[in-house]
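Since the structure comes first, as structure tokens, the remarks are kept for the end.
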Amino acid sequence: MIKRIGLLTSGGDCQALNATMRGVVKGLTNSVDELEVYGFDDGYKGLIYGKYQMLTAKDFSGILTQGGTILGTSRQPFKLMRVPDENGLDKVEAMKRTYYKLCLDCLVILGGNGTQKTANLLREEGLNIIHLPKTIDNDIWGTDMTFGFQSAVNIATNAIDCIHTTAASHGRVFIVEVMGHKVGSLTLHAGIAGGADIILIPEIPYDIKKVAEAINRRARAGKRFTILAVAEGAISKEDAKLPKKKYKEKLEARAKKYPSVSYEIADQISAETGAEVRITVPGHTQRGGEPCAYDRVLSTRIGAGAAEAILDGEYGVMIGIVEGKIKRVPLAECAGKLKTVDPKDQTVLAAKRIGISFGD
């Protein structure tokens, strides 16, 4: 039996992309007589323009611990997929042509929410698609966990750990800005794991006076420092009430004065408390380095789950993990849905119980 599969990684890179592809390929090579693997260069761009490389099992040897992606990646916004490129090329038709030209049995797509929406579009166009949930934000609906998340939590946690000593030494307020524009899972988990005193996430709009109160309360208790874990998309209660258009205008105005929300919060804290504030932005280090042990196991399970679905001929699904078990979730059910942090989630409530402030 010959199987021909395509692989592509799309969107922001993260740890365990290679480990997941390895799981897919190894899961198939142990079950089929002959396997042809076509790896598309730089995500959907490779599928659109027919840029790919034939890979063998050897290409997936030794990459379990390697971060990034051996195929390269790029961001191709879903909202532009139906818009012809600068030369008038129909991107969707071009992707279909490449798929049929190579006589693929299936296209395995690794990526986050935007990637998933395009994967579902290709499913609707009649292609055999399997999506594997990758993102450091853990914001994909239909799976309890995405690969890349735990590795990013470890890195963001380490950044907060490192800040503790200098914050304590100088008696300062420190803000550690963690990735996450729309969803605060990464900030929430890293903040708790790193012992942050205040956690600000998009799902729980903050009151800067409540933030200041928490800092002053620690000072009165003899604490020399305060550490805030702030998500990129943290939003004040005032801004949360604005219509989308007005909020966008506010962000554009803020960008002329501050590099990010953390710098605005720092100025506000200084004005409210008189404290000296320092900002640390781990940035893309959160996407880098080798995957942690948890992600290596998770990605191997998801990759093997994809191989099993291919062997069963079941397509149009995302391979997720639900209550500890691998599950095939129909793309039609999960594409376009965002999984956010519930303000009443047990993890949030536990953090509040031990005294962590969310500025609300």
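The values are calculated or read from the model by the stated rules, or taken from the named source; none is laboratory data. Predicted model only: the values in this text are computed from it and were never measured. Cβ: placed from backbone, ideal geometry, glycine included. Neighbour counts: every protein chain shown. When the accessible area is computed, the model is the full protein with side chains, heavy atoms only, and any ligands, DNA or RNA have been set aside. Shrake-Rupley method; radii C 1.70, N 1.55, O 1.52, S 1.80 Å.
Out of the range 29-45, which residues are of a type outside the set (Gly, Ala, Ser), more than 12 Å from Val108 (Cα to Cα) and either within 22 Å of the chain's Cα centre (by Cα) or open to solvent by 20 Å² or more (accessible area, probe 1.4 Å) (or both)?
Thr29, Asn30, Asp33, Glu34, Leu35, Glu36, Asp41, Asp42, Lys45
Can you confirm whether the range 16-27 contains a residue that is buried (at least 18 other Cβ atoms within 10 Å of the Cβ) and part of a loop (DSSP other than H, G, I, E, B)?
Yes - at least one qualifying residue is present in the range 16-27.
For the range 159-175, give me the residue count where each residue is buried (at least 17 other Cβ atoms within 10 Å of the Cβ) and in a helix (DSSP H, G or I).
Residues in the range 159-175 being buried (at least 17 other Cβ atoms within 10 Å of the Cβ) and in a helix (DSSP H, G or I): 4 in total.
Among the numbered criteria (1) in contact (Cβ under 8 Å) with a residue 60 or more places away in the chain; (2) open to solvent by 10 Å² or more (accessible area, probe 1.4 Å); (3) under 17 Å from Gly336 (Cα atoms), which single criterion is violated by Asp137?
Of everything listed in (1) in contact (Cβ under 8 Å) with a residue 60 or more places away in the chain; (2) open to solvent by 10 Å² or more (accessible area, probe 1.4 Å); (3) under 17 Å from Gly336 (Cα atoms), Asp137 misses just condition (1).
Going through Glu308, Glu333, Glu314 one at a time, which residue ends up being acidic (Asp, Glu) and over 21 Å from Ile5 (Cα atoms)?
Result: Glu333 is the single residue among Glu308, Glu333, Glu314 that is acidic (Asp, Glu) and over 21 Å from Ile5 (Cα atoms).
For the range 32-91, which positions are outside any loop (DSSP other than H, G, I, E, B) and of a type in the set (Val, Ile, Thr)?
If the condition is that a residue be outside any loop (DSSP other than H, G, I, E, B) and of a type in the set (Val, Ile, Thr), then Val37, Ile48 are the ones that fit.
Among the residues of the range 303-316, which ones are touching a helix residue (DSSP H, G or I) at 6+ places or on another chain (Cβ under 6 Å) and either under 15 Å from Ala119 (Cβ atoms) or open to solvent by less than 10 Å² (accessible area, probe 1.4 Å) (or both)?
Correct list: Gly303, Ala306, Ala307, Gly316.
Go over the candidates Leu7, Leu55, Leu80 one by one and state the one that is open to solvent by less than 10 Å² (accessible area, probe 1.4 Å) and of a type in the set (A, V, I, L, M).
Leu7
Regarding the range 272-291, can at least one residue be identified that is at pLDDT below 95, surrounded by fewer than 15 Cβ atoms within 10 Å (Cβ to Cβ), under 21 Å from Gly12 (Cα atoms) and touching a Lys or Arg at 6+ places or on another chain (Cβ under 9 Å)?
There is no residue in the range 272-291 that is at pLDDT below 95, surrounded by fewer than 15 Cβ atoms within 10 Å (Cβ to Cβ), under 21 Å from Gly12 (Cα atoms) and touching a Lys or Arg at 6+ places or on another chain (Cβ under 9 Å).
Could we say that Asp85 is surrounded by fewer than 14 Cβ atoms within 10 Å (Cβ to Cβ), in contact (Cβ under 8 Å) with a residue 12 or more places away in the chain and over 26 Å from Arg97 (Cα atoms) here?
No.
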